[in-house]
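These notes concern the structure reproduced below.
Each reported figure results from applying straightforward, stated rules to the coordinates on display, with no laboratory input. All values derive from a computational prediction rather than experimental measurement. So basically every Cβ, Gly included, is an ideal-geometry build from the backbone, and we count neighbours across all protein chains shown.
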Amino acid sequence: VSETPRIPPRYTPPAVPERFARSQWFRRARLGMFIHWGVYSLLGRGEWVRSHEEMSARDYLPWAKAFNPESVDFHEWARLAKEAGMEYAILTAKHHDGYCLFDSAHSDFTSAKMAPGRDFVAEFLEAFRAEGLRVGLYFSLIDWADPDYPVWGDAFHPQRNDPAFCGVRHDFDAYLTKMHAQVKELCTNYGELDILWFDFSYDEMTGERWRARELVEMVRSLQPQVLIDNRLEVSASAFGSIVTAEPSPFAGDFVSPEQLIPPSGILCEDGAPVPWESCVTLNNHWAWHHSDTAMKAPSTLAAKFVEVVSKGGNLLLNVGPDGEGRIPEESAETLRAFGSWVHAHEEALKGAGPAGIAKPEWGRWTMRGSHLYAHVWEEPIGPLPLVGVRPQDIESVRLIGGDGHVRVAKSWVIDAYPDVAFLSFAPPGQDDAFTFPLPQ
Ligand code: JFZ
């Protein structure tokens, strides 16, 4: 339901600060596709399989050699993203296992030099751009395949970051030089990128330990407009200096909560809204998992997407194609059903954000320009109170996604609450009814 008030200042939500100007397209886009895909997709036990199952490099190598998805169709992925109502997509160019889906002068462990003989990053970018989608690349700061990387996360090595263990042949600075060089390749060889999604910092491995200042300077010199997440500085569970008055040079352009919608959006210390993007799996894994059938319902995704928009964030929904590059049919079906709902309610979501009105009991508010959108999750039993909206501020009301009328309720209904507008719903031809089944 939408009504168009003559906007008095009381309906104007706090503006996103000027320092986030670069992310304007991103904050309007609101919905993206995350794609976890690589060698691990062939094993079907999630992208952490090498670490969780204590596989050595030698154990993992046969899988890397076998990874050869000849029938992968990136155009089909891109069409699904469009059908799902998504505006951008982010592919794992390199995950923690170190296997690159792009051609790199600094690694032989790549899809270009191994069985596929293809640059999947280039193919992905071409296909998604052709559908008019913005494009991003996920790049792991952690690399289990590089002997110069401290072995955190590799359960095979209980010593983790212990310098005594990593000491002898291990040269972390040499690792960083290679890692920076690969990021430079991604920023140089693939045209304009919209997002670089670094993952992730932990313990002492954060910020300058990645030579992050130098890295971000290099990225910005090559890709001035690219958006960077906040994980050069923090893990999935923290905001970082982006929410302070003095963000570091590598604080990033947005916060990246994982499997979590922040309780009241994300605000800077001074109360100004900070851009954020919640990444969420459709089941319980990022990469393809052969026995994970826990699929979120399209209606759950719809409700959660409204929640995200009402709090000023983005939703990045994940798919995990299998080792052949097929997006599981259950994921595709779920996204198509969710997408048809998104398309039907697009104007209340894309380019929309918080309304600056307290969350109502019947659902949520979003706002776009001077339009307020009431997302009504409950079946009204009578006139619906719009607490925070005065009747005199409403110019017109309109129902989105269904037949029937919605109108501002007659005065006798609201006598007890003169400052609250009420809506009544009526099926076609029954102007005096209070309610009728809302569209799902
Ligand atoms: C990271 C990856 O490890 C994971 O495989 C996936 O790509 C996800 C999107 O990002 O997940 C994390 C990162 C950091 C923490 C937890 C999960 N953390 O620090 O708690």
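Quick look at the numbers
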read-out: Rounded tilt (10° steps) of 298-310 against the dominant C-alpha axis of the chain; value: 80 degrees
read-out: R0 of 35 Å, Cβ-Cβ distance LYS113-GLU347: FRET efficiency to nearest 0.05; value: 0.15
read-out: Per-peptide average of other Cβ atoms within 10 Å, ordering 12-23, 301-312 highest first; value: 301-312, 12-23
read-out: Difference of contour (0.36 nm per residue) and Cα-Cα distance, THR244 to ALA358; value: 38.5 nm
read-out: Shape of region 333-435, Cα gyration tensor, a/c cut at 1.5; value: oblate
read-out: The chain: angle of helix 212-222 to the longest principal axis, Cα-based, in degrees nearest 10; value: 80 degrees
read-out: Gyration tensor (alpha-carbon) shape descriptor, region 1-126, a/c threshold 1.5; value: prolate
read-out: Residue order, fewest to most surrounding Cβ atoms within 10 angstrom, among TYR88, TYR417; value: TYR417, TYR88
read-out: Three-way shape label, region 181-326, alpha-carbon gyration tensor, a/c 1.5; value: oblate
read-out: Amide proton proximity set for ASN314, modelled H, under 5 Å, gap of 5+; value: TRP276, GLU277, SER278
read-out: Rounded tilt (10° steps) of 57-66 against the dominant C-alpha axis of the chain; value: 70 degrees
read-out: Rounded to 5, the percent of DSSP beta bridges in the chain classed as antiparallel; value: 45 percent
read-out: Extension gain from HIS106 to ARG390, taking 0.36 nm per residue of separation minus the Cα-Cα distance; value: 96.0 nm
read-out: Which of MET114, MET179 has the fewest Cβ neighbours within 10 Å, and the rest in rising order; value: MET114, MET179
read-out: Relative contact order of the chain, pairs being alpha-carbon contacts under 8 Å that are 6 or more residues apart, as %; value: 21 percent
read-out: Mean Cβ neighbour count within 10 Å, used as a protection proxy, ranking 134-143, 191-200 highest first; value: 134-143, 191-200
read-out: Per-selection Kirkwood Rh - region 42-89 (Cα, Å, 1 d.p.); value: 13.3 Å
read-out: Value at 222 nm in deg cm²/dmol, rounded to 500, when DSSP H runs of n ≥ 4 in the chain each add -39,500 (n - 2.57); value: -7000 deg cm²/dmol
read-out: Top of TRP144, TRP362, TRP286 by mean-square fluctuation, Gaussian network on the chain, Cα under 10 Å; value: TRP362
read-out: Residues with amide H under 5 Å from that of HIS405, placed H, sequence gap 5 or more; value: ALA426
read-out: Calculated FRET efficiency for the pair GLU131/GLU324, C-beta based, R₀ 25 Å, to 0.05; value: 0.70
read-out: Unit Cα scatterers, Debye sum, the chain: log10 I(q)/I(0) for q = 0.10, 0.12, 0.13 Å⁻¹; value: -0.74, -0.99, -1.12
read-out: Segments 25-33, 51-59, 202-210 sorted - mean Cβ within 10 Å per residue, highest first; value: 25-33, 202-210, 51-59
